[in-house]
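Asks: This is the structure I want to talk about, given as structure tokens.
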Amino acid sequence: MTTPLRYSDRDIAQVRDLNPIAHVAQDLGYKLELRGEGEFVIPCLDSLDPETRVAFSMSLVPARGMFYCAHCSAGGDVITLVEKDRKLSFAAAVEYLAQRAGITLKAIS
Ligand SMILES: [Zn+2]
């Protein structure tokens with residue numbers, strides 16, 4: 001097993017800044033449904049309504065770069081969204097987003 005790569009806070013901040021969460025969500029195949037001012041709804045990645053078997057809705061707020069599910073408390077930033085959607089490790093999600101934005105990462109030990 002190889003040691004997972006780590007990246008500097010600066011690289012990770014740049015990855016977040018250059019990957020707006022709404023754009024990334026659309027790249028991942030989500031249709032963003034406008035809910036209110038500056039807020040969109042996408043299906044929750046973690047929870048289905050036990051009766052209807054339909055995913056609960058969660059909020060995606062581009063201005064804050066965050067998503068949040070009021071039902072199961074799943075949530076996070078653009079990196080978390082990629083981790084959960086693609087079932088990737090944190091480092092692999094950072095790499096996915098770096099590649100998307102044309103950022104060259106420097107691994108630290
Ligand atoms: Zn949820």
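Asks: Just subtract the alpha-carbon distance of Arg86 and Val54 from 0.36 nm times their residue separation and send over the number in nm, one decimal.
Replies: 9.6 nm
Asks: Restricting to DSSP H runs of at least four residues, report the calculated mean residue ellipticity at 222 nm for the chain, -39500 (n - 2.57) per run over all residues, nearest 500 deg cm²/dmol. Each step should come with its number before you reach the end.
Replies: Values: 4 runs with 37 residues, N = 109.
Taken over the chain, the calculation gives -9500 deg cm²/dmol.
Asks: Follow-up question, since we're still on this one. Could you tell me whether region 1-65 comes out rounded, prolate or oblate from its Cα gyration tensor? Rule is a ≥ b ≥ c as square roots of the eigenvalues, rounded for a/c under 1.5, then prolate if a/b exceeds b/c, otherwise oblate.
Replies: Oblate is the answer for region 1-65, as a/c is 1.5 or above yet b/c matches or exceeds a/b.
Asks: Now a separate question. Using only the heavy atoms of the protein chains and a 1.4 Å probe, how would Tyr68, Tyr96 rank by accessible area, largest first? Don't skip to the end; give the middle numbers.
Replies: Numbers: Tyr68 115, Tyr96 60 Å².
Heavy-atom accessible area, descending, gives Tyr68, Tyr96.
Asks: Further question on the same structure: In Å², and per residue, what accessible area does region 6-102 have when probed at 1.4 Å with the other protein chains present?
Replies: Per-residue value: 59 Å².
Asks: Still on this structure, please answer the following. Just to be sure I understand: with springs between alpha-carbon atoms less than 10 Å apart, which residue in Glu37, Glu95, Glu51 has the highest mean-square fluctuation in the Gaussian network model of the chain?
Replies: Glu51
Asks: Still on this structure, please answer the following. Of Thr80, Thr104, Thr52, which has the most accessible area and how do the rest follow, probe 1.4 Å?
Replies: Thr104, Thr52, Thr80
Asks: For Leu34, tell me the accessible area in Å² from a 1.4 Å probe, rounded to the nearest 10.
Replies: 120 Å²
Asks: Would you work out which of Phe40, Leu88, Gly76 lies farthest towards the positive end of the dipole of region 6-102, given +1 charges on the beta-carbon of Lys and Arg and -1 on that of Asp and Glu, about the Cα centre?
Replies: Of the listed residues, the answer is Leu88.
Asks: Compute, for His71, the solvent-accessible surface of its heavy atoms (probe 1.4 Å) with the complete set of protein chains present, and express it in square angstrom to the nearest 10.
Replies: Taking all protein chains as shown, His71 has close to 110 Å².
Asks: With springs only between Cα atoms under 10 Å, which of Ala13, Ala25, Ala91 fluctuates most in a Gaussian network model of the chain?
Replies: Highest fluctuation of the listed residues: Ala13.
Asks: Might you report the magnitude of the Cβ-based charge dipole of the chain about its Cα centre, with Lys and Arg at +1 and Asp and Glu at -1, to the nearest 20 debye? Walk me through the numbers on the way to the answer.
Replies: Numbers: 12 positive and 14 negative charges, 64 e Å.
Magnitude of the dipole: close to 300 debye.
Asks: Now, a different point. With a cut-off of 8 Å between alpha carbons and a minimum separation of six or more residues, what is the relative contact order of the chain in percent?
Replies: Over the chain, the number comes to 30 percent.
Asks: Using a 1.4 angstrom probe with every protein chain in place, what is the largest-first accessible-area order of Val82, Val54?
Replies: Reading off the accessible areas and sorting them downward yields Val54, Val82.
Asks: Suppose the chain between Ala13 and Glu33 were pulled fully straight at 0.36 nm per residue; how much longer would it get relative to their current alpha carbon spacing?
Replies: That pair, Ala13 and Glu33, stretches by 4.5 nm at full extension.
Asks: How much of the accessible area of region 6-102, in percent, comes from carbon and sulfur atoms when a 1.4 Å probe is used? It would help to have the intermediate numbers written out before the result.
Replies: Values: 2750 of 5720 Å².
It is 48 percent, rounded to a whole number.
Asks: Computed FRET efficiency, Cβ-Cβ of Gln99 and Ala63, R0 25 Å: what is it to the nearest 0.05?
Replies: 0.50
The values are calculated or read from the model by the stated rules, or taken from the named source; none is laboratory data. Small disclaimer: the values here were computed from a predicted structure and weren't measured. Cβ coordinates were reconstructed from backbone atoms using ideal geometry, including for glycine residues, and neighbour counts include every protein chain displayed. When the accessible area is computed, the model is the full protein with side chains, heavy atoms only, and any ligands, DNA or RNA have been set aside. Shrake-Rupley method; radii C 1.70, N 1.55, O 1.52, S 1.80 Å.
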